[in-house]
Amino acid sequence: MAALTNRSLVGFLARTRPEFAEIDPCVGELYDDLTRFVLSGGKRLRPAFLYWGHLACGGEESEPLLAVASGLELLHAFALVHDDIMDGSDLRRGQPTVHRAHEAARRQRRPGGDPVLHGISAAILLGDLAFTLADRAIQESGFGAERLGPAFAVFTVLRQEVLAGQYLDLLGGERTEADGALALRIARFKTGRYSVERPLQMGAVLAAGAASLVEGLSAYGLPLGEAFQLRDDILGATGDPAVTGKPTGDDFRQGKHTYLVAEARLRGSAGQRRRLTALLGSADLGGEGVAEIRGILEDSGALAATEARIKSLLAESLARLDGLPVEPATAAALGDLARYVARRAR
């Protein structure tokens, strides 16, 4: 699926680039930056769930379906670029984040001014460009209005949810519900629904799937989406940067209210809770501080509890998949996707 999506992305981006380059060569260069970012890697999970949701409802592989998959990846690019700005991240996929790359380019071109602000501004615009092109890729996909209209309605809900989830994530460090309810709400709306459930629904609707089957796919996807974000939280805390392509500890520096942190506050000793409060949200948190937080997550039982929840969510997802009336090959592919999402190392 990744290769098919990449082929569609390459064609779409090449076809639309001249419109932007004609405005000014600099605009064409920004478009090229977006193209490099979109094609630099990524797991292409959202297109995969779109694809198998489509086939589960009797649809077939087609160029229009791949065009919609391209739109989902362009929206994902928007989310990643803006997320990196909000998190102050330096690396993405082993390379400088978009705002850091534009900051460095501004320093090289001429001294003076505010290169940091320039980098952030350019990255915001690049993300907005990706957001706009996502709409266009889906609208120009080639599906008829009777299929595209309902699918685009799901896409609109998807975008609303990811924006709401991002804002909850931004505010999460200021709210410390120890029961983890807020952390799970963030996981559901920031990543879970937009990564798994909504792409499945879009694929199903594009195939004019029966309402009962669309609902069944959603039931399979919802717990899996939460597992996706919880795995992301673990990788952000303990992952190998050489594998994930991102530095470890950024969530700690941002003071994010992840499920891991919520569990540590719930399960940890008074001393551990005090140290978490002192360390989390420190922008200059170094390696020793990151290591100390990791130790608290492990010693308090928060890491084990999060792994247990992921395991439970995966089991729930697979159980719901077992009851769906889909072809065996499709069910096997959806099962493999579920296990990958919950157990991945990047």
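The values are calculated or read from the model by the stated rules, or taken from the named source; none is laboratory data. No experiment lies behind these values; they were computed from the predicted model shown. Because the Cβ atoms are built from the backbone with ideal geometry, glycine has one as well, and the counts that use them run over all protein chains shown.
Picking from Lys311, Lys256, which residue would you name as being within 16 Å of Ile234 (Cα to Cα), touching a residue at least 40 places away in the same chain (Cβ under 8 Å) and touching a helix residue (DSSP H, G or I) at 6+ places or on another chain (Cβ under 8 Å)? From the options Lys311, Lys256, the qualifying one is Lys256. Taking every residue in the range 140-155 that is basic (Lys, Arg) and pairing it with any residue that is at pLDDT 95 or above and not in a helix (DSSP H, G or I), at least 6 positions away or on another chain, the pairs with Cβ-Cβ distances below 7 Å are Arg147/Ala208.
Annotation: of all residues in the range 277-301 being in contact with a Gly (Cβ under 7 Å, 6 or more places away or on another chain) and assigned to a helix (DSSP H, G or I), the one that is surrounded by the most Cβ atoms within 10 Å (Cβ to Cβ) is Ile296.
Within the range 220-263, the only residue that satisfies the criterion of being in contact with a Pro (Cβ under 9 Å, 6 or more places away or on another chain) and β-branched (Val, Ile, Thr) is Thr248. Among the residues making up the range 94-108, a single one is under 15 Å from Gly127 (Cβ atoms) and of a type in the set (Gly, Ala, Ser): Ala101.
The combined condition, being within 19 Å of Thr244 (Cβ to Cβ), assigned to a loop (DSSP other than H, G, I, E, B) and either free of Cβ contacts under 8 Å to residues at least 40 places away in the same chain or not basic (Lys, Arg) (or both), is not fulfilled by Gly59.
Please verify whether the range 6-14 includes one or more residues that are without any contact (Cβ under 8 Å) to a residue 12 or more places away in the chain and under 23 Å from Glu63 (Cα atoms).
Yes.
Report whether or not Arg267 is at negative phi, in contact with an Asp or Glu (Cβ under 7 Å, 6 or more places away or on another chain), surrounded by fewer than 20 Cβ atoms within 10 Å (Cβ to Cβ) and without any contact (Cβ under 8 Å) to a residue 40 or more places away in the chain. When the stated conditions are applied, Arg267 does not pass them. Residues that are at pLDDT 95 or above and surrounded by fewer than 22 Cβ atoms within 10 Å (Cβ to Cβ): does the range 227-234 have at least one? Within the range 227-234 (the criterion being at pLDDT 95 or above and surrounded by fewer than 22 Cβ atoms within 10 Å (Cβ to Cβ)), the answer is yes, since at least one residue qualifies. Of everything in the range 29-56 that is among the charged types (D, E, K, R) and assigned to a helix (DSSP H, G or I), the residue that is farthest from Thr330 (Cα to Cα) is Glu29.
Looking across the range 270-283, the residues that are closer than 25 Å to Asp83 by Cα and touching a residue at least 24 places away in the same chain (Cβ under 8 Å) come down to Leu279, Leu280, Gly281, Ser282, Ala283.
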